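Note sheet for the following structure.
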Amino acid sequence: SAETELGKLNTRGHCGAGGTRSLDGTNVVYLNIFFSLSESVTITPQDSRWVGAWWLGYMVSGLLTLLAALPLWFLPRALPENPQTSKAYHPSNQHKHTLSITEIAKDFGPSLKRLLTNGIYLLYLAYSVLAFNAFAIVITYTPKYLEQQFGQSTSKTNFLIGVTSIPPVALGMFLSGWINKRFKLGLLGSARLMFFTSETSLICIIPYFALSCENIDVAGVTVPYQGSIEVQDISRDLLTSCNADCGCPDFLWDPVCGQNGVTYISPCHTGCNSTWGTRQNMTFHGCTCIQSWGLTSGNSSAVLGQCSRESSCSKMFYIYLALQSLSFFVYCLGTVPFFLISLRIVDPVLKSLSVGILLLVLRIFGGIPAPICFGALIDSTCLKWGQNKCGGRGACRMYDIETFRYLFLGLVISLRAFSYTLLWIFTTQIKRKVQNDKQMSKNIELQYPVLCDPEQ
């Protein structure tokens with residue numbers, strides 16, 4: 001049936017997308033398989049500046065695409081026709097007529113007008129755009145959110161997102177088609193199922209607000225240097241009496257963790273005067289800014305990398321992934337009704353145009369503006385910017401994760417809540433339409449009753 005096939009089709013598509021996400025996570029790690037890192041490289045795959053083999057995913061995806069295209073070469077030029085079907089659809093007294101481009105264009109205008117004057121369809125489009133905006137934000141920025149919020153590496157985050165998303169999404173989509181087929185849901189039943197699954201998935205993500213970690217202590221950024229006043233201006237507060245004579249540039253970002261549990265943006269800003277070891281095993285000693293905390297010179301060392309977060313952050317990270325999997329599963333139970341409704345709320349001759357307009361609107365108004373606008377909002381939460389080689393502003397090195405959390409979750413939940421309000425109105429309109437159609441059928445039966453044949 002159409003419901004089952006739609007469920008299978010969407011399951012395969014999203015399994016591929018989730019597998020690509022997992023593969024992307026492994027690409028971040030395995031850069032040093034192909035290139036030998038120089039002695040000057042001191043960062044690890046856990047560092048936010050680690051790029052990794054970003055090109056490896058394109059190579060693997062391109063190779064798999066070529067392999068998938070090979071069977072298409074063996075298809076015949078024309079598929080064989082069933083003789084009975086051919087006679088039924090192409091009787092001998094009818095001649096095939098191929099529509100010209102002019103005839104198609106002449107019919108397109110009136111068809112588009114009929115479609116866009118359908119109030120229920122326009123309401124469905126508005127709901128779809130808002131829901132897809134929220135979906136685009138989640139897909140685009142969830143990895144960055146988890147990295148910043150819970151202090152996880154890029155590779156681990158992408159890999160676990162893919163691994164924990166594929167099974168619930170695939171199962172949810174498959175069951176969505178089975179439910180529609182098993183219970184023979186009509187237009188109203190499909191709309192109700194989609195509304196119920198959407199609202200339930202929204203409830204599942206509300207606990208995200210409680211899963212939070214605090215900003216790490218970074219001297220001059222989130223906490224003042226010992227003996228300094230509260231941080232007010234990062235560009236001015238990065239330098240203090242303990243490192244004023246070091247000539248440290250403001251744009252530098254090579255974080256080290258001091259023995260006092262505070263992260264410093266570079267060994268220079270820590271006031272260190274000697275090093276020990278090489279590459280990732282390098283340590284810094286005689287750090288005057290650490291000594292200002294009351295530590296002796298023998299305990300004033302620092303190591304490469306940011307200080308680790310509290311142990312509860314890792315637990316909350318896995319709880320977040322578990323809730324996300326549950327939310328994805330429930331939400332995907334309404335996937336097949338979403339596509340079927342776009343076919344059932346319009347006239348049969350407008351079905352293909354309805355799907356085309358829906359996909360076009362989703363790509364233009366749902367997939368493009370949301371990541372761009374939300375990216376600008378994320379930039380407003382940046383606490384420390386890097387600098388590129390040309391002297392311009394580079395990537396953000398550290399975010400205010402509390403503000404980031406409220407922006408990310410607040411905007412996603414607001415968009416989804418508003419879209420589900422439109423979905424509720426849409427469902428009520430569908431209910432009214434179904435009731436009117438039933439009443440109209442009864443009136444027709446009363447007006448033109450079926451008379452019994454006396455000869456029977």
When residues of region 148-192 are limited to those that are outside any helix (DSSP H, G or I) and of a type in the set (Gly, Ala, Ser), the one farthest from the chain's Cα centre (by Cα): Gly186
Condition met for Ile139 (among the β-branched types (Val, Ile, Thr), closer than 20 Å to Phe374 by Cβ and either surrounded by fewer than 16 Cβ atoms within 10 Å (Cβ to Cβ) or without any contact (Cβ under 8 Å) to a residue 40 or more places away in the chain (or both)): yes
Among the numbered conditions (1) loosely packed, with under 12 Cβ neighbours inside 10 Å; (2) of a type in the set (Phe, Trp, Tyr); (3) at pLDDT 90 or above, tell me where Phe426 comes up short. (1)
For region 237-255, enumerate the residues that are in a loop (DSSP other than H, G, I, E, B) and small (Gly, Ala, Ser). Ser241, Gly247
Between Leu304, Leu350, Leu333, Leu340, which is crowded, with 20+ Cβ neighbours inside 10 Å and farther than 24 Å from Leu202 by Cβ? Leu304
Let me spell it out: the conditions are (1) touching a Pro at 6+ places or on another chain (Cβ under 8 Å); (2) modelled with pLDDT of 80 or more; (3) farther than 28 Å from Leu409 by Cα, and Gly258 meets all of them except one. Which number is the exception? (1)
State the number of residues belonging to region 132-185 that are touching a Lys or Arg at 6+ places or on another chain (Cβ under 6 Å) and under 22 Å from Ile341 (Cβ atoms). 1
Scanning region 361-403 residue by residue, those within 19 Å of the chain's Cα centre (by Cα) and loosely packed, with under 12 Cβ neighbours inside 10 Å turn out to be Arg363, Ile364, Ile372, Ala376
Of these, Leu70, Leu130, which one is part of a helix (DSSP H, G or I), at pLDDT 85 or above, of a type outside the set (Gly, Ala, Ser) and loosely packed, with under 10 Cβ neighbours inside 10 Å? Leu70
Output the number of the condition that Cys396 fails; it satisfies all remaining conditions of (1) under 30 Å from Ser153 (Cβ atoms); (2) part of a helix (DSSP H, G or I); (3) not small (Gly, Ala, Ser). (2)
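The values are calculated or read from the model by the stated rules, or taken from the named source; none is laboratory data. Since this is a predicted model, take the numbers as computed values, not measurements. Cβ coordinates were reconstructed from backbone atoms using ideal geometry, including for glycine residues, and neighbour counts include every protein chain displayed.
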